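FYI, it's all coordinate maths here, none of it is from the lab. Keep in mind it's a predicted model, so treat the numbers as computed, not measured. Neighbour counts are summed over all protein chains in view; Cβ atoms, including those assigned to glycine, are modelled from backbone coordinates with ideal geometry.
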Amino acid sequence: MTNSWIVIRTQKSLLSMRIDRRVPWVLLALIIMTLMIMVISIGYGEYPISPLNVIKTILGLSTNNPDYNFVIHTLRLPRVITAFLVGTALAIAGTIMQGLTRNPLAAPEIIGVEAGAGLFAVTIIVLFPSVPVFFLPIAAFTGAFIAAALVYLLAWANGSSPIRLILVGIGVGAIASAFTSVMITFGEISDVSQALVWLAGSVYGRTWEHVQALLPWLILFIPASLLLARELNTLNLGDEIARGLGSRVEWQRGLLLITCVALSGASVAAVGTIGFVGLMAPHLARQLVGNAHEGLVPTSALVGGLIVSFSDLLGRSLFAPIELPCGVVTAAVGAPYFLYLLYRNRNA
Amino acid sequence: MNTSQSYLQQQLPSKRSHSFRLLGLIVGILLLVVCSLISLTLGAADISPDVVWRALFAFDGSTNHLIITTVRLPRVLIASAVGAALAVAGSLMQGLTRNALADPGILGISAGAALAVVVSTFFWGSLSVQSYTWIAFAGGTIAAIVVYTLGSVGRNGMTPLKLILAGAVLSYLMSALTTGILILSQRTLDEIRFWLAGSVAGRDLDSLVQVLPYIVVGLIIAFSLSKQITALTLGEDVAKGLGLQIGWVKAIAAVAVVLLAGSAVSLAGPIGFIGLVVPHIVRFWVGVDYRWLLPYAAIWGAMLLSLADLAARLVIKPQELPVGIMTALVGAPFFIYLARRKIKS
């Protein structure tokens, strides 16, 4: 019993957690794999750069070719970093959502949160094209929050039920997409084509500006999610038991919901709708480190980052020189996985 | 279990008499005709009713007459045909699955048909309406089989949640694949994007004439099965007790659904929620008896889609919205309302 856990506790009881012994090793392996994918991804393209030169350039060592600096630092690095960050954010949002609803099939893209964020961001792109990039996350966050609140309120009838939550979510998602189509049909064609590329869920052409717009949200809410992870364990036992254990159930659920909405809103704002990462990552992570959320949240975050980084590389290389948006790649892999989960949970 | 029981409790036989229902049917037909005439007069250019009348019965080749006969008339007829087909397909699906939320759009049949058409355009270039139709049938059938299988595996049999999740996710997957193909091939995008929006604009009468036989066959099959489907809605055990061969009834009804939904998609692209909303409206009047429900659904479906198309043309004149957006804006809130009312936790 004692062998399979590591206990982390600070003097003041602000931080106190117990993680599975596998977690550090799994995290290390995931970080190494992600870094490898990132180096390959940076080197790959119309102007190929060898992995060694990629590493040298990033570390600031001198290479023989002065072009490398520009290609890597200005063009490719921000893209790869955006992909990774978005993956982690989506994965954490998905983990929280699955923990909160106690439903393995819940994910922000299924219950309409991403559609809400998408609607608000498209509206901004189409109606106010001159608005700077850093404003998009705020709009997307607002949209995601409104959608989530609507779904939660509409699904409420003497307590919330996971089934109604999902069905109402599908309905709210349909409404948001219909309004998004209205925006797309009537905007200026140049704004619309920008919105379309964005909607398909692509990290194409992302700059440091996008990374900067995304980072504050992640810096605030990823640590929050790690701190709240412990509460997910108690909430998972059911409201009554959690209350009996001394949890302030509604308060914690509210905080977790805001974290989830903020993370998915910010990532939708940065790259558009990349589906099924929030669904797949928690499941894969659960297979690696088990159910305890303290270890699950960081593991799932890294798995998510890995999935999006790899999908972007695949999307660029599969049909080169044409690029598939990585949202298409994640959907092509994630939707069958979802259907498999649906099959596996058939007796639930 | 719970849902199917509460579903049935709501479907207590209506006490309204035959003559009352017949009257309703006639009123419905008259309303449909009136809607169609209004739809002929209104649009980017408003044309007075008497000009419409003369264009139909004393054609003289003037611009207004040409607008009526080549643009508006095909559009109204296609909207009616597609609306009727979708509504009857939706009624059949709700009866077969005993699921109040079933609809060809929600269960992925439309997305499957759309993906099949996009894939074949990608490989073989532009196709005739005839081959569109068959390809749409094939795609719709495959999607229907996958969704139905995934929705009904497991100990509890078919639950609304499983069925709808399977449909929603399969739709998501297929639209992602469709997007992927459209990005890979500019040519396919060019040939297909108009159709994909889900619109009844810009279709000519020829395409309707080519697809109409399938719709008619689908309607005939549906109407002739109406008694058996009414029995099925009472539950499979009851239906068996009444001497019904359930397997056959379901299979033949499924053929009708695919014929109707596939024809509708190949004519107008994916249009959602008509098949969801209409059966519920109609049930309010005629109860569960499918012998009445189906013809009512056909008429009201035709009327609703014509009206939606009219609204799509008028809300932001002189531009117009794809009608699929209008039906989603009306239908999705209705879906949420049903999910709240019919799904107990």
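Here is how the numbers come out for the structure above:
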quantity	calculated
Taking chain B and dividing mean pair separation by its residue count, relative contact order in percent (alpha carbons under 8 Å, at least six apart)	31
Efficiency of FRET between B:LYS240 and B:SER19 - r from beta-carbon atoms, R0 51 angstrom, step 0.05	0.95
Selection from B:ALA79, B:LEU56, B:TYR148, by position along the positive dipole direction of the range B:23-150 (Cβ)	B:TYR148
Span-like helix ranges in chain B, DSSP H, alpha carbon extent 27 angstrom or more, Kyte mean at least 0.0	B:18-41, B:73-97, B:129-152, B:160-184, B:205-224, B:246-268, B:290-314, B:323-342
Order of A:LEU256, A:LEU214 - criterion: other Cβ atoms within 10 Å of each residue's Cβ, fewest first	A:LEU256, A:LEU214
Charge dipole of the range A:32-344 about the Cα centre (unit charges at C-beta), most positive-ward option of A:ASN103, A:ALA224, A:TRP208	A:ASN103
For the range B:70-127 and the range A:44-114, distance of Cα centres in Å	39
Chain A - mean residue ellipticity at 222 nm from DSSP helices (-39,500 (n - 2.57) per run, n ≥ 4, rounded to 500)	-23500 deg cm²/dmol
Built amide H within the under 5 Å cut-off of A:ARG18, gap 5+	A:ILE8
Peptide A:173-182, shielding by other chains (average Cβ, 10 Å cutoff)	6
Value of relative contact order over the range A:32-344, rounded to a whole percent, pairs C-alpha under 8 Å and six or more apart	29
Alpha carbon centroid spacing (whole Å) that separates the range B:267-345 from the range A:198-231	39
Dipole of chain A, positive end: most advanced residue of A:ILE184, A:PRO282, A:THR34 [Cβ charges, Cα centre]	A:PRO282
For A:319-330, mean number of other protein chain Cβ atoms within 10 Å	3
Helical segments meeting 24 Å axial Cα length and Kyte-Doolittle 1.6 threshold in chain A (DSSP H)	A:22-43, A:136-154, A:162-186
Distance between the range A:242-297 and the range B:198-228 - C-alpha centres, whole angstrom	47
Overall form of chain B per C-alpha gyration tensor (a/c, 1.5; a/b vs b/c)	oblate
For chain A, the longest site-free run once GluC sites (Glu not before Pro) in DSSP loop states with at most 14 other Cβ atoms within 10 Å are removed	A:189-348
Whole-Å semi-axes of the ellipsoid equivalent to chain A (Cα gyration tensor, √5λ, descending)	32, 27, 18
Residue order, fewest to most beta carbons within 10 Å, for B:LEU115, A:LEU228, A:LEU237	A:LEU237, A:LEU228, B:LEU115
Dipole magnitude of the protein assembly as shown, debye to nearest 20 (Cβ charges: Lys/Arg +1, Asp/Glu -1, about Cα centre)	2020
Gaussian network model of chain B, Cα within-10 Å springs - most flexible of B:GLY180, B:GLY269, B:GLY235	B:GLY180
Stokes-Einstein D in µm²/s, Kirkwood radius over Cα pairs - the protein assembly as shown at 25 °C with 0.890 mPa s viscosity	91
Electrostatic dipole magnitude of the range A:32-344 [Cβ: Lys, Arg +1; Asp, Glu -1; Cα centre; debye, to 20]	540
The range A:209-348: relative contact order in percent, alpha carbon pairs under 8 Å with at least 6 residues between	23
Spatially proximal aspartates and glutamates relative to B:LYS342 (Cα-Cα < 18 Å; intrachain offsets below 8 disregarded)	B:ASP103
Estimated [θ] at 222 nm from DSSP helical runs (n ≥ 4, -39500 (n - 2.57)) normalised by residues in chain B, nearest 500	-25500 deg cm²/dmol
